[in-house]
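See below for the structure under consideration.
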Amino acid sequence: MKNTKVTLVPLMSDDREQFILDNQWSFKDGEIISRKTIEACIDAADTETYRIVLDGENVGGVILRIDKNTHHNELEILFVKPKAHSKGIGCGAWQAVEALHPETVVWHTCTPYFEKRNI
């Protein structure tokens, strides 16, 4: 597996709509996570939303739920655009997430039933 150097850039308000569309287009079958769910994740008070950037290009996104009291944090959403798959971007993004929150005691993640490649 490649160790790809990606950058996490906080989501800007003028990129919100494209972020949602990119998430929905990142799955072969179209919308897997509803717009309502994505917006609720972005808008929650305890979440952080980032663009995954490689060589100046937006290649995905990540939404984290951060509990500043317990430090039991959660990966809400992580996606990589299809044209950027199999290049180590997901792994590089996760390494960047861990570097952002070294205080984390536990990361809660789940693999959705539809994501067969990651099971």
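The values are calculated or read from the model by the stated rules, or taken from the named source; none is laboratory data. Only a predicted model underlies this, so the values are computations on that prediction, with no experimental measurement involved. Cβ atoms come from the backbone with ideal geometry, glycine included; neighbour counts cover every protein chain shown. Each accessible area value is taken on the protein alone, full model and side chains, heavy atoms only, with ligands, DNA and RNA left out. Shrake-Rupley method; radii C 1.70, N 1.55, O 1.52, S 1.80 Å.
Going through the range 47-68 one residue at a time, which ones are more than 16 Å from Trp94 (Cα to Cα) and among the acidic types (Asp, Glu)? Listed by number, the residues that qualify are Asp55, Glu57, Asp67.
Selection over the range 96-108 of residues that are open to solvent by 60 Å² or more (accessible area, probe 1.4 Å) and at pLDDT 95 or above gives a count of 6. Check whether at least one residue in the range 21-41 is touching a strand residue (DSSP E or B) at 6+ places or on another chain (Cβ under 6 Å) and of a type in the set (A, V, I, L, M), and report yes or no. No, every residue in the range 21-41 fails to be touching a strand residue (DSSP E or B) at 6+ places or on another chain (Cβ under 6 Å) and of a type in the set (A, V, I, L, M). Listed here are the strands (runs of 3 or more DSSP E) enclosed by the range 35-93 that have at least 3 residues being out of contact with any His (no Cβ under 6 Å at 6 or more places or on another chain) and either open to solvent by 60 Å² or more (accessible area, probe 1.4 Å) or closer than 16 Å to Cys110 by Cβ (or both): 57-65, 72-80.
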